[in-house]
């Protein structure tokens with residue numbers, strides 16, 4: 001498969017060697033398929049209105065669902081943020097308001113998405129169980145110093161929050177792409193956990209929700225969000241009490 005700096009399954013993904021990322025990925029069926037339907041419908045409507053008011057740049061990743069796609073709403077997969085820079089012309093006041101509304105709905109979607117992950121009580125496997133947790137720690141650290149530098153991660157019962165910086169090249173001098181890295185870590189961890197749990201079939205949701213880290217402040221916010229997920233879920237009073245959390249002291 002040809003490597004690209006932009007690729008898509010159901011979600012758009014941006015990948016560039018040397019870039020830092022905040023990744024959330026979860027077990028298959030961790031979020032009920034119709035749980036976020038109202039948010040998805042609202043975002044699809046706003047995207048249609050945005051496209052009508054402001055034609056995007058020719059290389060913009062914005063993609064509005066066509067009429068033929070309206071019955072295939074991927075409610076369990078967060079939609080991408082739409083930035084003003086993705087439009088060819090100066091923004092009109094109406095377009096600015098639509099963008100604000102869209103990104104506001106998106107933030108509510110993400111909060112609801114995270115709340116559903118935290119509330120889910122019966123995952124297909126428990127990632128925070130000691131043996132599974134050790135597999136995940138090994139998986140997340142496998143490419144350390146070879147393809148990435150880890151900043152922080154939290155292993156919850158049904159999902160992972162992960163902040164890291166891709167290296168520009170691996171030890172063989174090849175560019176390092178997010179696409180390859182995630183496929184490798186998911187495949188390795190799924191094989192090991194399935195064997196341990198004596199199960200077969202898919203373990204992970206195919207898509208991951210990846211956010212490009214913009215600057216140092218964004219990096220610190222992503223790390224704090226990652227570490228405090230068990231606290232916000234009501235599982236512990238301090239993130240240090242959750243055995244599935246780790247961070248690089250160089251990043252805080």
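The values are calculated or read from the model by the stated rules, or taken from the named source; none is laboratory data. All figures in this text were calculated on a predicted structure; none of them were measured in a lab. A quick note on method: Cβ atoms are made from the backbone with ideal geometry, for glycine too, and the neighbour counts reach across all protein chains shown.
Below, the figures for the structure above:
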item	result
Of the criteria (1) in contact with a strand residue (DSSP E or B) (Cβ under 7 Å, 6 or more places away or on another chain); (2) at pLDDT below 95; (3) farther than 30 Å from residue 50 by Cα; (4) part of a helix (DSSP H, G or I), which one residue 128 fails	(4)
Among residues of segment 227-250, those that are part of a helix (DSSP H, G or I) and in contact with a helix residue (DSSP H, G or I) (Cβ under 9 Å, 6 or more places away or on another chain), counted	8
Yes/no for residue 219 being surrounded by 15 or more Cβ atoms within 10 Å (Cβ to Cβ) and farther than 21 Å from residue 118 by Cβ	yes
Some residue of segment 17-40 being surrounded by 14 or more Cβ atoms within 10 Å (Cβ to Cβ), farther than 19 Å from residue 110 by Cα and modelled with pLDDT under 75	yes
All positions within segment 98-123 that are surrounded by 15 or more Cβ atoms within 10 Å (Cβ to Cβ) and in a loop (DSSP other than H, G, I, E, B)	120, 123
Test: residue in segment 142-153 that is within 15 Å of residue 26 (Cα to Cα), within 14 Å of the chain's Cα centre (by Cα) and either modelled with pLDDT of 95 or more or part of a strand (DSSP E or B) (or both)	yes
Residue that is modelled with the lowest pLDDT [pool: residues in segment 186-206 that are within 15 Å of residue 23 (Cβ to Cβ) and in contact with a helix residue (DSSP H, G or I) (Cβ under 6 Å, 6 or more places away or on another chain)]	204
Tabulated pairs, segment 211-232, first without any contact (Cβ under 8 Å) to a residue 12 or more places away in the chain, second buried (at least 17 other Cβ atoms within 10 Å of the Cβ), C-beta under 7 angstrom, 6+ apart or interchain	228/239; 231/239
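Conditions tested, residue by residue: (1) surrounded by fewer than 13 Cβ atoms within 10 Å (Cβ to Cβ); (2) under 19 Å from the mean Cα position of the chain (by Cα); (3) at positive phi.
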| site | (1), (2), (3) |
| --- | --- |
| 159 | no, yes, no |
| 170 | no, no, no |
| 177 | no, yes, no |
| 184 | no, yes, no |
| 194 | no, no, no |
| 201 | yes, no, yes |
| 212 | no, yes, no |
| 215 | yes, yes, no |
